Each structure stands twice: as C-alpha cells, then as structure tokens.
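In what follows, a structure is listed as structure tokens, so that the remarks can point back to it.
Quick note: the coordinates plus some simple rules give every number you see, no bench work behind them. For clarity, every value in this text was computed on a predicted model and none was experimentally measured. Don't worry about glycine lacking a Cβ; one is built from the backbone with ideal geometry, like all the others, and counts go over all protein chains shown.
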Amino acid sequence: MARRARALIARLGGAACLLAAVASVACAPGRAEESGRVLRFWGLGREGEVVKDLVPEFERENPDIRVVVQQIPWTAAHEKLLTGFVGGAPPDLAQLGNTWIPEFAAIGALEPLDARAAASQALSSGDYFEGIWKTNLFDGRLFGIPWYVDTRAMFYRRDLLEKAGWREPPRTWSQWRAAMEKVRGPAGEGRYAILLPTNEWEQLTILGLQMQSPLLADDDTRGAFSQPPFRTAAEWYVGLYRDSLAPVVSYTQLGNPYQEFSRGYVAMWITGPWNLGEFRRRLPPELQDTWMTTPVPAPDGAEWPGYSWAGGASFAIFRASKQKDAAWKLVEFLSRRQIQTRFYELSGDLPARREAWDDAPLAGDVKARAFREQADRLVPLPRVPEWEQIAQKLAEDMEAAIRGRETVPASLSRLDADVDRILEKRRWILSRRREEPRGR
Amino acid sequence: MAAEARLARSTPHEIRAAWMFLAPGLLTIGVFFVLPIAAGFLLSLTDFDIYSLGNLENVRVVGLRNYARLLADPLLWKAMRNTAFFLFVGGPLTLGVALAAALLLHTRVARLKGVFRTIFFTPYVTTLVAVAVVFRYLYHPRFGLIDHVLGWFGIPPIDWLGDPRWAMPAIVLLAVWKNFGYATILFVAGLQAIPESLYEAARIDGAGPVQMFRKITVPMLAPTFLFLGVMTTIGYFQFFAEPYVMTGGGGPLNATLSVGLLMYKNGFRWWNMGYAAAIAFVLFVVVLGLTAIQFRIQKRRDA
C-alpha cells in the first residue's frame, strides 16, 4: 500500500505542479489581467488543440480579454468536468459532448442561454441544423450552442459495389441486404460485406431511430427496446451477423480497420466524419478514387435519408463563471461562418451551422456530401443524464444475441430490465415532483 | 508478556504520558483513515448519484441494497477474476524474477553489481504512466518491437492489448518488469544477512548448491518473503493504473477490468457514488482478509 500511496503522492505532486503552472499562467500579470478579464476555456481532444489557433484573432479583436485554453483528452473529459464542477473550480466556458448537456443542466452546472441567443446579432437557432440545435434543449431551456456535428454515414467501396452490379449505393434496407449478399459472394471465404464492430451501439441505434423507435418510453423513464420498432431493427441488424454479412469482431480486435477496408475484407463501413480525413491519409493512393460515402439506407417505404442521431459538441457556459459576457463573446466568435469553415479545415469537424457548408472546401467535397444530406435528418438521443450508461449497456447486452448465445427478444428484454434499473432514480424523482404542490 | 506485566505496573501518570505521545499518531489515523472509511461505509448505504449532486433531497437511504445488487453484478465477478489473475500470476512471477535476479547479484563472480542493481531498480521509480505509454508502443501489433522480434521466429503478430486473451498477460508482464526491482533489492539485503558460516558448515557436511538453496537460503529469507508477499498482495489487488492507461479502462471486452477500475467507473464516470462506495468497501474487506491470513501464517511460523 505504501508503494502505491507513494506512487500516488508522486503523481499528485506532479499534478499539483501542473495545476500550479496552469494557475500561474492564468494568474500571470498580463495586459488582460489589469482589467481582470481572463477567460478559462476547456477544449477537448483535437478540438482543444485546434482552437488555440483561432483564439489569437479573437484576442486581437477583444484586447481586454485573454483566453486560457486548457486541452483535456476526451477519455478524461467527462469526469474532469464533473469533478471541476463539484470541486467549485469549473471553467468559464467548455466544450461539451451534446449528450452530456442534460446531465450538466440537471445538476445546475450550466447557465441558460435563451436570453443571450435571442438577443444575439451573430447567431440564431435558424442558422443551425434543427436536430443538432434540439440536443441543447433541456426542460425547455437552451444550455448550449452547437459547435460541430457528429453522426454516421456509410463509407463504401464503389469498385466492389459496381462489380456486384450496384452503380448507385442502396437506398432501402432490402436493396442494402441484396447488395451485401452480392458483394460478399459465397459465405465462409473469409470475406464479409459490412463492418459493424460488436462493441458499438451507434449503428443499431440509427436503425432503431429509422424505425421511429423512441428508444426510451414513459417520459424517458423506461427502456423501449423490446417494443416492435426497435425489435424489428435489432432482428434485421443481428441477422447481418448470423448470415455472415458482418464479421463478429469488436473494434479493438480488428487491429487496423483501414487495412481491412483496403484489402476488401468488407466493402461497407458505417462510421463518423473524422474518418473522411483518416481515409484520405490511410488508404493507398490507388483506392482514393474508389471510396465514397452515402447516408445509411432507410427502411423500405420510408423517406430517404432515414433518421440518424444528432451527435457532436456544443459550447456551454458554466453558471459559476464570473466571465459570462466574455465567454458569450467567444462563443459568438467561434460560431461565425468563416471561423466555422476555418475550424473545419483545421480539424475536419463538420460545421453545425448551415451556411458554412456553402463555402469553399466543404461545398466542393463530394465525399462529405453524405453527411450534409444526413444533417437535415437528425434527431437528438434521449435527453436524460443516464444516456451514456444506457448506450454502453445496449452494446453489452446485444453482444450475446450477436454471438448467437441468446435470441434477439431475450437480449432486448434483458436490456430493458437493465435500463429500467438504471432509470429507477429518474422515475422516483419524477413521481416525487408530480406529487409535490406546484408552488416550488 | 513482559510488556503486559510492565503495563500493569504503570502509574496513571505514566499512562497519561503514553496517551499524549500516542495522540498525534492516533489523531492522524482517525482523521485520515478511520473517518473516511466510516464515511465511505455510510455513503455505501445510500444511492448518492448525479441527481443528488444538484439537490441533496435526491439522496435515499437504501440500506444494504447496493451490496445485494453488487453481488449479483456479473461485472464485479469478472473484475474479481481479473484481479485474482493479476495477483496470483503476477505476484509469484514478480517475486520469482526478483529472487533470481537477487541470487545473480549475490554470487561472488558477479561484476558491476552496483550498475545492475540500479538498472533493476530504475523501472520501479519510473512513473507508471510513462512506462505504460512506452509499453503500448512495444505491444503495438504492427509497429511494436515485441511482435517484430517474435516475427523472426515465424510467430504471427499478436494483438497484445486488443485481444481479450492476451490483454491480461500483457499487463502482467508490464507489472512484473516494473515492480521486480524493488523486491530484488530487499532480497539482496536478505541474502546478505544470512551468515556465511551456515553455508560453510553445509559445505563441510557435503551439501550441494541445490540443497543449500532449499535448506538455508529459502528458510532464512522467510521474513523477506512474508513482507514482500503482503506488500505485493495489497499493491496488486488494487491494480488500476495499468489498465486505465493501457487498455482505455478495462477493455477489450472487460478483459482487463479490475475491481479498482470498476469502482472508479461507477464513481467518477457514471457518478453512482453510493454503488461505488459499496465496491470500495468490498475491496477493503477483501484486502483486509488477505492481509490477516498472511499475518496469521507469520505468527504460526514465529511461534
């Protein structure tokens, strides 16, 4: 124990030094310090790095504000933000994954932005994709301004599909299934049609949303996964593994998915916008003309493209901040059309603001077009603090069905039971709120 | 026995003085050890969570329900199995490697003893996070040195950290490399404390090196073994940082999920503090039990 404790102390010491260093930067007497306007912004992962290139221009326009950007890795961000809030040391402004907004709003960490957004000359809700804007609403109030969009599209090999007789990508589920069977050829030869890593909840959730499943029922207090819409989607999805159209592998087992995609192990892969850049970097030059993207096919008879979930990140101002006006200024600055375009060039993140798509690099990018088409058809994921936990459970519980150890309905009812347990507290809180007199 | 007799004869004045000398120590233990454990236990009887953070009215006392749920949670048992593997494979391996290294350092023919001692000890004082990052490169299936070397012998690359079957052995390997130096130093000290005369006598009686090792070296090192056994058990049972840094928090497929990590995830990721406190308490009881067993063994040996 002493050994561990010492190691921990050493690490804490390091962290304390680091904190002290950051604090001393923040406290360093500078030009902004005299007027007392230091804005602490926590950016996550790559975005936190890239935003440092955009900040100098903002500081030139606002010489009285100095922005201190702290970059936090995505994997540690959620707990850092929470502990920062609990410990009374939150940033002024932070980038939040938009599924976190309900959680932080529920605990009273965030400043409502309705009044500021309504009065703003620089931005209004109409400038944004509707589904993305909605993810920032909680209990009818606005707690975030969208920064960029994350959703999924299907990346596919045009050459392999053409060889199988598909000049255009499939648009309906039955076309999709037929194309997959044709592309793969005979089963059992070590080749598959589509990559759907078994540890990801994202793809199945899209199919569920396309079937118009609400995911959660009864005011988001119970799972709706065993109800017909989601069950239909799950049966169809699991069928892809059972019929050897998708390999039963988790993402980490895969090693290098780009290599697998290049050598034709699969011809389709449902994945996110960051892979636009990765595909350009990692696929060999001779394949650069043959890969393409398309929205995920929609159920037969439904409108195309089908619904997908609205992921991405938003700006949120913390309630405890003393620099809310400065923070809002930075939000407005980073939301400008040209800045959104610059941000796309630097990071590859897709702008949440519509006009930025009409500008130079994005407007001409045929490979990004699938995401643009999808962006008009986005719906928020259930806005409950427990969503992340539910999503993890979804992947975990479905794996039994995917691996053939259980029937799909059995996995789904287990999932619903797990979700009901996770949401027990929420049910209790809502019922108590209902019982209480309206006076509070 | 003598101490008890002495205590019986102490005057009240002496006893008061003793209490005063003990007070700072007891106070520290009370404030930093007993109090947090008691608070942790009380927390484990509630359902303190993210909602409670916003409003304290949202806390409910749930009695032992957290524990009931925990014992029925397959993830706890998975984590227990992983932790036990780490402990029962990693622990003996660490001590075995350390003993071998210590014996080599102790032989009369060994050169550059100081240099080797330093080399063996360096990993122990290196920050685990830095070590883990370097090992992640070593384990990389395409660019890693380890798979590259295995390739010379025609062994196909192993996805050390991505394959559920290999992830745990890979982490054990790292832990052994990181920790054996500390045990080596203690073993060397233990070896130096063994009187040379014992070996001389044995040699005169015609004992071979293997017999001498079994009948003299091992028994004489028993106290060192015990100390290292207790320290390694406690340290390894709480293993956390290795999977946290190396496998992104317990992956692949929870193959490297440890009890400490499970607690951390529930507490700081999902913010289910009540449930996490229950895990912490279970971990505390298990470590306490293991340590008690080891002390009992020692007592029996001393008697």
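Worth pointing out:
- If you look at the Cα atoms of segment B:142-273, you get an Rg and a Dmax of 21.3, 67 Å.
- Share of pairwise Cα separations in chain A, more than 39 Å, in percent: 27 percent
- Comparing segment B:1-136 with the 2.2 N^0.38 Å rule of thumb, its C-alpha radius of gyration ratio is 1.78 (two decimals).
- Across segment B:56-154, the volume of the C-alpha convex hull divided among the residues equals 244 Å³ per residue.
- Semi-axes of the equivalent ellipsoid for segment A:319-440, computed as √(5λ) from the eigenvalues of its C-alpha gyration tensor and ordered from largest down, come to 38, 28, 12 Å.
- Legend: calculated FRET efficiency, residue A:124 to residue A:235, from the Cβ-Cβ distance at R0 = 45 Å, rounded to 0.05, equals 0.60.
- Directionally averaged projected area (convex hull, Cα atoms, segment B:76-302), nm²: 15.5 nm²
- Placing a label point 7 Å from the Cα of residue B:129 along the Cα-to-Cβ direction, the residues of segment A:48-85 whose backbone N falls under 18 Å from that point are A:48-49, A:70-84.
- Each of residue B:111 and residue A:243 was given a label point 7 Å from its Cα along the Cα-to-Cβ line. The distance between the two points is 7.2 nm.
- Angstrom value of the Kirkwood radius, inverse mean 1/r, which spans all Cα pairs in segment A:171-302: 16.0 Å
- Note on residue B:218 and residue B:84: with the Förster distance fixed at 41 Å, the Cβ-Cβ geometry gives a FRET efficiency of about 0.95.
- Extension gain (nm, one decimal) between residue A:405 and residue A:432, 0.36 nm per residue minus Cα-Cα: 5.7 nm
- For trypsin sites (Lys or Arg not before Pro), the sites in segment A:82-189 that DSSP calls loop and that have at most 11 other Cβ atoms within 10 Å are A:167.
- More than 39 angstrom apart: percent of Cα pairs within the protein assembly as shown: 47 percent
- R0 of 25 Å, Cβ-Cβ distance residue B:119-residue B:227: FRET efficiency to nearest 0.05: 0.60
- For segment A:44-152, the Kirkwood hydrodynamic radius from C-alpha pairs, put into Stokes-Einstein at 20 °C and a viscosity of 1.002 mPa s, yields a diffusion coefficient of 140 µm² per second.
- Computed label-point distance, nm, for sites residue A:219 and residue A:114 using a 7 Å Cα→Cβ extension: 1.9 nm
- Relative exposure of B:146, A:132, B:119, judged by other C-beta atoms within 10 Å (fewest first): B:119, B:146, A:132
- Ellipticity at 222 nm from helices only: DSSP H runs of n ≥ 4 in the protein assembly as shown, each -39500 (n - 2.57), divided by the residue count, give -17000 deg cm²/dmol.
- Counting, for every residue in B:236-242, the Cβ atoms of other protein chains within 10 Å of its Cβ and taking the mean gives 2.
- Multiplying the residue separation of residue A:274 and residue A:83 by 0.36 nm and removing their Cα-Cα distance gives an extension gain of 65.9 nm.
- Residue among B:244, B:94, B:197 farthest towards the positive dipole end of segment B:76-302, charges placed on Cβ: B:197
- Restricting segment A:357-418 to chymotrypsin sites (Phe, Trp or Tyr not before Pro) that sit in a DSSP loop and have at most 16 other Cβ atoms within 10 Å of their own Cβ leaves nothing.
- Taking only the alpha carbons of segment A:178-250, we obtain Rg and Dmax values of 14.2, 47 Å in that order.
- Directionally averaged projected area (convex hull, Cα atoms, segment A:330-381), nm²: 4.1 nm²
- Proxy reagent accessibility, fewest Cβ within 10 Å first, across A:120, B:52: A:120, B:52
- Leading residue at positive end of dipole, segment B:76-302 (Cβ point charges), from B:281, B:228, B:126: B:281
- Cα-Cα over 24 Å, subset of A:52/A:367; A:134/A:324; A:329/A:367; A:52/A:80; B:178/B:215: A:52/A:367; A:329/A:367; B:178/B:215
- For the residues of B:268-278, the average number of beta carbons from a partner chain within 10 Å of their own beta carbon is 3.
- Magnitude of the charge dipole, segment B:76-302, Cβ model with Lys/Arg +1 and Asp/Glu -1, debye to 20: 220 debye
- Sorted into 5 angstrom bins from 0, the C-alpha pair distances of segment B:121-211 split as 3, 12, 14, 14, 12, 10, 8, 8, 8, 8, 3, 0 percent.
- For the pair residue B:72 and residue B:29, label points projected 7 Å from Cα toward Cβ lie 3.9 nm apart.
- Only alpha carbons enter this Debye calculation for segment B:226-275, each as an equal point scatterer, and the log10 of I(q)/I(0) it gives at q = 0.21 Å⁻¹ is -0.74.
- Protection-proxy order for peptides B:257-270, B:56-69, B:13-26, each taking the mean of Cβ atoms within 10 Å per residue, highest first: B:257-270, B:56-69, B:13-26
- Normalised contact order of segment B:76-302, rounded percent, pairs of Cα under 8 Å and 6 or more residues apart: 28 percent
- Ranked list, fewest to most other Cβ atoms within 10 Å of each Cβ, for A:407, B:11, A:198, B:83: B:11, A:407, A:198, B:83
- For the residues of B:44-52, the average number of beta carbons from a partner chain within 10 Å of their own beta carbon is 3.
- In a simple Cβ point-charge model (Lys, Arg +1; Asp, Glu -1; nothing else charged), the protein assembly as shown has a dipole of about 2360 debye relative to its Cα centre.
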